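Okay, structure first, notes after.
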Amino acid sequence: MPQIDRNGPIVVLTGAGISKESGLDTFRDKDGIWSKVRLEDVATPEGFARDPARVHAFYNARRRSLAEDGIHPNSAHAALARLEREWGAPVLVVTQNIDDLHERAGSTNLIHMHGELLKIRCRRCAEPFPWTDDLGLDHACPDCGRPGMLRPHVVWFGEMPLEMERIFEALEACALFVSIGTSGHVYPAAGFVAGVRKRGLAHTVELNLEPSEGASLFHESRLGRASELVPAFVEELLHRQDA
Ligand code: APR
């Protein structure tokens, strides 16, 4: 890996693979979430319109499992929080994940581009707010009082990801782009590396259990488990920075 400018901002994209060793399922691995339920039924506006109770049940089960004991950030989440603390320039984590493991590990400069499992919003009032219980059709919006208008604050297929302007600004300015634990199937996240490469100023690295769809676009692709790759990569980055 070349020397990275110590004043160079870093953008880290994470996917479900970074949370796998914390006990949360990925989507497209052989035993992944989409092998057990059709995404059309639970992760699209059409699926929600067709059967909202089914969608609520899907997210309620995932919200409960995130809150249950035993789901904790792993050493990969912790290493990214350390990088944010110790690097000489901003480190922005852009996660596709809707869990709260990056926050719980200490990352503060963080964008949840696909929303957050522990937040809901009213389809009328739109403002998201924290929610850790089961959500149902009988719950009324605390602002407008209407029942049946609450939905998970999660970006479904066909909906716009969140904070894209801020993400593209950070990608334009970064000296290093790192992708961790994502299969590179879903856009716009899957297209980030091509945009960074086109600008030609940043080094790009993939840390993944197996090569993603876009692996060939990265300067470097390191294969392995996030809990091992990410701490070692952060140590290498910080050590070289001090060298
Ligand atoms: N360490 C590192 N990488 C891992 C690990 C691990 N322990 N376990 C699995 N992986 C890798 C897999 O090899 C795969 O490339 O993580 C990736 C997970 O890919 P997906 O299941 O497709 O998850 P992700 O890329 O985050 O999906 C993107 O798709 O369904 C939508 O909105 C959902 O945010 C999600 C988006």
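The values are calculated or read from the model by the stated rules, or taken from the named source; none is laboratory data. Quantities reported herein were computed from a predicted structural model and do not represent experimental measurements. Neighbour counts run over all protein chains shown; Cβ positions are idealised from the backbone, glycine included.
Tabulated results
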quantity: Residue within region 137-145 that is of a type outside the set (Phe, Trp, Tyr), farther than 27 Å from residue 100 by Cβ and part of a loop (DSSP other than H, G, I, E, B) present; calculated: yes
quantity: Members of region 204-226 that are crowded, with 18+ Cβ neighbours inside 10 Å and part of a helix (DSSP H, G or I); calculated: 217, 226
quantity: From 72, 77, residue being closer than 22 Å to residue 180 by Cβ and assigned to a loop (DSSP other than H, G, I, E, B); calculated: 72
quantity: Breaking point among (1) over 23 Å from residue 193 (Cα atoms); (2) among the basic types (Lys, Arg); (3) under 19 Å from the mean Cα position of the chain (by Cα), for residue 28; calculated: (1)
quantity: Some residue of region 56-70 being at pLDDT below 95, farther than 23 Å from residue 165 by Cβ, within 16 Å of the ligand (Cβ to nearest atom) and crowded, with 17+ Cβ neighbours inside 10 Å; calculated: yes
quantity: Lone unmet requirement of (1) of a type outside the set (S, T, N, Q); (2) surrounded by fewer than 17 Cβ atoms within 10 Å (Cβ to Cβ); (3) assigned to a helix (DSSP H, G or I); (4) within 16 Å of the ligand (Cβ to nearest atom) for residue 193; calculated: (2)
quantity: Residue in region 99-108 that is within 16 Å of the ligand (Cβ to nearest atom), surrounded by 13 or more Cβ atoms within 10 Å (Cβ to Cβ) and part of a loop (DSSP other than H, G, I, E, B) present; calculated: yes
quantity: Single match in 69, 25 (criterion: among the charged types (D, E, K, R) and under 30 Å from residue 206 (Cα atoms)); calculated: 25
quantity: Of all residues making up region 34-55, the number that are surrounded by 18 or more Cβ atoms within 10 Å (Cβ to Cβ) and either over 21 Å from the mean Cα position of the chain (by Cα) or assigned by the TED database to the domain that holds residue 94 (or both); calculated: 2
quantity: Any pair with Cβ under 8 angstrom, 6 or more apart, that starts in region 45-63 at a residue that is under 16 Å from residue 138 (Cα atoms) and ends at one that is assigned to a helix (DSSP H, G or I) and among the aromatic types (Phe, Trp, Tyr); calculated: 55/48
quantity: Considering residues of region 133-157 that are more than 17 Å from residue 48 (Cα to Cα) and surrounded by fewer than 13 Cβ atoms within 10 Å (Cβ to Cβ) only, the residue nearest to the ligand (Cβ to nearest atom); calculated: 133
